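Trainee: First, the structure itself, so that you have it in front of you.
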Amino acid sequence: MACNSQSSNSQAVDTSVAKTDTLPASDTSAKTTPVNPSELSSAEIPDDTVFTDGSKPSSWQNAGFTNPAGFKNFLQRLQSWVADNNKDSVASVVAYPLHNPKAKDKAAFIAKYDDYITDNVKKALKEQNLKQIFRNSQGAMIGDGKLWFSETKDGYRIIAINK
């Protein structure tokens, strides 16, 4: 697997514009977070054609993603939620049942949140370079496999967490 070059992303997110089609209808706390490509800096929008380890990324289409900028905005929101320990919002974007680690529903995920969202996972998410998101036919991955994502009919979802 590719090693993603990491860089801190401290850009503030403006919550004045919202797009809710990537979030579950039951999660009102997460609906106010925007998914507007204009929130990304001009440097974050294009992807690197070669990662620092020399690997070339697969296409976003191959990974099943239709809107790379929207996914990058989703990652920015997720970074904020994890940094703020907003367990409910993080749990709202998990694909259930989650098999790795096992969590049958949102309540089960929240109950073991600290076991799943470890310091290693938090660090990988915080340091993710948005221009170097690994992807293949299984989805998108950050932090050398710490978190895996897919795009579903309900939006972007966490499909695996590897502590």
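The values are calculated or read from the model by the stated rules, or taken from the named source; none is laboratory data. These numbers come from a predicted model, not from an experiment. Cβ atoms come from the backbone with ideal geometry, glycine included; neighbour counts cover every protein chain shown.
Trainee: With respect to LYS131, is the statement that it is touching a residue at least 60 places away in the same chain (Cβ under 8 Å), crowded, with 16+ Cβ neighbours inside 10 Å and over 18 Å from ILE159 (Cβ atoms) true?
Mentor: Numbers: touching a residue at least 60 places away in the same chain (Cβ under 8 Å): yes; crowded, with 16+ Cβ neighbours inside 10 Å: yes; over 18 Å from ILE159 (Cβ atoms): yes.
Yes: the conditions hold for LYS131.
Trainee: Is it the case that ALA107 is small (Gly, Ala, Ser), surrounded by 14 or more Cβ atoms within 10 Å (Cβ to Cβ) and over 15 Å from PRO68 (Cα atoms)?
Mentor: Answer is no for this residue.
Trainee: Please work out if ARG157 is assigned to a helix (DSSP H, G or I), within 11 Å of the chain's Cα centre (by Cα) and surrounded by 19 or more Cβ atoms within 10 Å (Cβ to Cβ).
Mentor: On the way: assigned to a helix (DSSP H, G or I): no; within 11 Å of the chain's Cα centre (by Cα): yes; surrounded by 19 or more Cβ atoms within 10 Å (Cβ to Cβ): yes.
Considered against the rule, which asks whether it is assigned to a helix (DSSP H, G or I), within 11 Å of the chain's Cα centre (by Cα) and surrounded by 19 or more Cβ atoms within 10 Å (Cβ to Cβ), ARG157 comes out as no.
Trainee: Where in the range 60-147 are the helices (runs of 4 or more DSSP H), entirely inside, with at least 1 residues that are over 30 Å from VAL50 (Cα atoms)? Give the steps one after another, and end with the answer.
Mentor: Numbers: elements: 68-83, 87-91, 106-111, 113-116, 119-126.
Those helices (runs of 4 or more DSSP H) span 87-91, 106-111, 113-116.
Trainee: Name the residues in the range 134-150 that are surrounded by 21 or more Cβ atoms within 10 Å (Cβ to Cβ) and among the charged types (D, E, K, R), would you?
Mentor: ARG135, the sole residue that qualifies.
Trainee: While we're here: Look at PHE51 and say whether it is crowded, with 21+ Cβ neighbours inside 10 Å and either modelled with pLDDT of 95 or more or outside any helix (DSSP H, G or I) (or both).
Mentor: Considered against the rule, which asks whether it is crowded, with 21+ Cβ neighbours inside 10 Å and either modelled with pLDDT of 95 or more or outside any helix (DSSP H, G or I) (or both), PHE51 comes out as no.
Okay, residues lined up against (1) farther than 20 Å from LYS56 by Cβ; (2) at pLDDT below 95:
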| position | (1), (2) |
| --- | --- |
| LYS87 | yes, no |
| TYR96 | yes, no |
| PRO101 | yes, yes |
| PHE109 | yes, no |
| ASP119 | yes, no |
| GLN132 | no, yes |
| GLY139 | no, no |
| LEU147 | yes, no |
| SER150 | yes, no |
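Trainee: Sticking with this one: At pLDDT below 95 and of a type in the set (Asp, Glu), is that true of ASP115?
Mentor: Spelling it out, it is not the case that ASP115 is at pLDDT below 95 and of a type in the set (Asp, Glu).
Trainee: Does PRO57 count as in contact with a strand residue (DSSP E or B) (Cβ under 7 Å, 6 or more places away or on another chain) and either surrounded by fewer than 19 Cβ atoms within 10 Å (Cβ to Cβ) or among the small types (Gly, Ala, Ser) (or both)? First the steps, then the outcome.
Mentor: Details: in contact with a strand residue (DSSP E or B) (Cβ under 7 Å, 6 or more places away or on another chain): yes; either surrounded by fewer than 19 Cβ atoms within 10 Å (Cβ to Cβ) or among the small types (Gly, Ala, Ser) (or both): no.
It is false that PRO57 is in contact with a strand residue (DSSP E or B) (Cβ under 7 Å, 6 or more places away or on another chain) and either surrounded by fewer than 19 Cβ atoms within 10 Å (Cβ to Cβ) or among the small types (Gly, Ala, Ser) (or both).
Trainee: Another one. Just to be sure before I move on: is TYR116 of a type in the set (Phe, Trp, Tyr) and surrounded by 17 or more Cβ atoms within 10 Å (Cβ to Cβ) in the structure I sent? Break it down into steps so the answer makes sense when it comes.
Mentor: Working: of a type in the set (Phe, Trp, Tyr): yes; surrounded by 17 or more Cβ atoms within 10 Å (Cβ to Cβ): yes.
Criteria met by TYR116.
Trainee: Please go through the range 111-126 and pick out each residue that is farther than 15 Å from LYS72 by Cβ, touching a residue at least 12 places away in the same chain (Cβ under 8 Å) and either in contact with a strand residue (DSSP E or B) (Cβ under 8 Å, 6 or more places away or on another chain) or among the polar types (S, T, N, Q) (or both).
Mentor: TYR116, ILE117, THR118, ASN120, VAL121, ALA124
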